[in-house]
Each structure stands twice: as C-alpha cells, then as structure tokens.
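Notes for the one structure printed next.
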Amino acid sequence: MILDQRQRAKRYLGISRELDMALCALEKMDYAAQEPGRVQLTQRSYYNVSENRLAVHREMFEFHNRYADIHVPLNGEERLAITPISLMPEDTAFDTEKDFGLFAGPEINVVRVPVGYFCICFPEDAHKPLLGEEGKIIRKIVFAGILSFRCNNHLVVLYWLNIIIKETAP
C-alpha cells in the first residue's frame, strides 16, 4: 500500500506499465471535468469516476489477484481499512473473470486519504473503501490496472557497468 500526495505520484514510476500510466494521469488530469463512469485506458487498465455514500463501517474487505487500485478522493476525505490477504479465510470465494473477491476480517490499519492524496492498494492489500462520515457523498476516481512487473535487470547491469567504467578510467 502506498499513500502520498498527488504531486508526488511520479515518484512511484517503474513498478508496472499500467501503474505508470495511471500515475502520470493522476498528475495531469483535470478532475473537475471528469463525468461519472468508466473510461478504458488500455486493455489492462481503466479508471472509474463515481459518487458514493460513505459509511462509518463496512463488513467486507475487497481484494484482487491481478489488479492494483489507486483511490483518489476529489472532495472530502475517504478512509480505507487495510488488511493483508494472508488473513483471508481459505474458503473465500473469488470471481476470477472480474478479479474480485470479498471477505470479513480484522482491520489492521485505517488510512485517511484527503483531497490531494492518493492510496495505491496492491493485490496483497485487501481493503474496505468508502469509509468516513456516515451518509456523506464523496466523489472519487479509482484507477485500476493489471500489474505486469517489469524486469529492471538491465538497469542493474548498466549501473554496474557505469561503476566498472568509472573505476577503470585513467
């Protein structure tokens, strides 16, 4: 899980292509102009603009096996309860086509996400979104992308070659 300010979103580039696309959009997007609904960015990523009612408590955590979510409140403050999926009961049902499952469990952490911030929930981060002042309407964007981790070994090789060249230069 990552919690940070929107203007620092590019700090997390390089985790995956889909996440990079969402993080760059986070910094540039005109949020006021976004209409409610789902926008497909690529075959593997999309974002959804919605208006939802907050609740003080929710029973179920949601989780994904392939998608990471980026929660971005546009007005007010949202809280997200987080727990590791390792605490999920073994018999938990999961819809592989929708990459979505629900389970009840303990809230290990509750994160405040005010306007101007974002929270990334990775597949290992089960989460309860839309927590806050009972009945308050929040407008938010959720970016979702299938994580395809990059192999950064070439960067390591270039780094070590650079050191070797510097050490052996006359």
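The values are calculated or read from the model by the stated rules, or taken from the named source; none is laboratory data. Just so it is clear, the structure is predicted and the values come from calculations on it, not from any experiment. Don't worry about glycine lacking a Cβ; one is built from the backbone with ideal geometry, like all the others, and counts go over all protein chains shown. Note: accessible area is taken over every heavy atom of the protein model, side chains too, but ligands, DNA and RNA are not part of it. Shrake-Rupley method; radii C 1.70, N 1.55, O 1.52, S 1.80 Å.
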So, taking all protein chains as they sit and a 1.4 Å probe, how much accessible area belongs to E51, in Å² rounded to tens? 110
Using every pair of alpha-carbon atoms in region 1-100, split the distances into 5 Å bins beginning at 0 and state the percent of pairs per bin, rounded to integers. 2, 9, 19, 21, 23, 16, 8, 2, 0
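Quick one: pull the percent of accessible area on the chain belonging to carbon and sulfur, 1.4 Å probe, ligands and nucleic acids left out.
54
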Kindly report the accessible area of the chain per residue (heavy atoms of protein chains, probe 1.4 Å, no ligands, DNA or RNA), in Å². 57
Spatially proximal lysines relative to K98 (Cα-Cα < 25 Å; intrachain offsets below 8 disregarded): K128, K140
Under the √(5λ) rule applied to the eigenvalues of the Cα gyration tensor, what semi-axes describe the equivalent ellipsoid of the chain? Give them in Å, descending. 32, 20, 15
Rounded to the nearest 10 Å², the accessible area of I141 using a 1.4 Å probe with every protein chain kept is 0
If one takes the longest principal axis of the Cα atoms in the chain, at what angle in degrees, from 0 to 90 and to the nearest 10, does the Cα axis of helix 17-28 lie? 70
Return one number: the angle in degrees, 0 to 90 and rounded to the nearest 10, between the long axis of the Cα atoms of helix 153-168 and the longest principal axis of the Cα atoms of the chain. 30
Cβ-based net charge around P84, under 11 Å, with every Lys or Arg adding one and every Asp or Glu removing one: -2
